[in-house]
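The values are calculated or read from the model by the stated rules, or taken from the named source; none is laboratory data. None of these values were measured; they are calculated from a predicted model. For neighbour counting, all protein chains shown are included, and Cβ atoms are generated from backbone atoms with ideal geometry for every residue, glycine included.
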Amino acid sequence: MDNPVTITFDAKHLPVLRRALECFTRLRSGQIDIALDEAYADKHSPLGVNHDHKMAIEKMVRSIYFPELRSPNAALSVGQYGYGGEEAYEISQVIRRFLAYERNEGFLGDGVDFYPPMKYSGVPHPVVHEFNNKKFFPSPNEISHELMQIFTSGGSAACFDFIDARWHPLPKGSSMEVCVRDGLIGLLVSDVRR
């Protein structure tokens, strides 16, 4: 990062910030109806959203700011937003992913919320310092002594044949490395699945 700035948020701020960024990117893309849904989700009547009112607002805004979007289903793609829209989208993706892992107790899940953020702007992605998509799994007691001997004599790469033969079931994830934490040998697994 060229010019990092540190801001401390309470975890309760993050869903609000993500919704605000989502609303802004939807407005910048011409998806006015979705932005209205995001901004006013708490204002819906028990009878539901007045679709006609929402569509009238969208039609007016799009006629002024998005005359090139001729179809009601058309919208600008990320990369065409401008005025901070790409940066807002990237920040939203970073927060969305962090919140998804938090909801899923640190485990990778299915769905777009877990996707790594895409890069659209020239600005580095923000970093959530508390976010860690890795989990440490201590080895089973019955193999830990022998595994530690293999690790200290041959390093991490020498351990995997032994682990494949003797550690069942293995944790599931996108990658794993053998390491020692707090005197225990085990696997540090990225993007762990339950």
Please specify each residue of region 150-173 satisfying the condition of being in contact with a strand residue (DSSP E or B) (Cβ under 6 Å, 6 or more places away or on another chain) and either charged (D, E, K, R) or in contact (Cβ under 8 Å) with a residue 40 or more places away in the chain (or both).
-> Lys172, Gly173
From (1) out of contact with any helix residue (DSSP H, G or I) (no Cβ under 6 Å at 6 or more places or on another chain); (2) of a type in the set (A, V, I, L, M, F, W, C); (3) at pLDDT below 95, pick out the condition that doesn't hold for Ala20.
-> (3)
List pairs: first in region 127-141 and closer than 30 Å to Asn3 by Cα and touching a residue at least 24 places away in the same chain (Cβ under 8 Å), second part of a strand (DSSP E or B) and among the aliphatic types (A, V, I, L, M), Cβ under 7 Å, 6+ apart or cross-chain?
-> Lys134/Leu188; Lys134/Val189
Does Asp113 fit the bill of being more than 30 Å from Asp2 (Cα to Cα) and either without any contact (Cβ under 8 Å) to a residue 24 or more places away in the chain or not assigned by TED's automatic domain parsing to the domain that holds Cys159 (or both)?
-> no
Quick check: anything in region 59-66 surrounded by fewer than 16 Cβ atoms within 10 Å (Cβ to Cβ), assigned to a helix (DSSP H, G or I) and among the aromatic types (Phe, Trp, Tyr)?
-> yes
Close pairs from region 4-30: first at positive phi, partner buried (at least 16 other Cβ atoms within 10 Å of the Cβ) and not in a helix (DSSP H, G or I), Cβ under 8 Å, at least 6 apart = Gly30/Phe66; Gly30/Leu69; Gly30/Ala75; Gly30/Leu76
Kindly indicate whether any position in region 70-85 is assigned by TED's automatic domain parsing to the domain that holds Leu21 and part of a helix (DSSP H, G or I).
-> yes
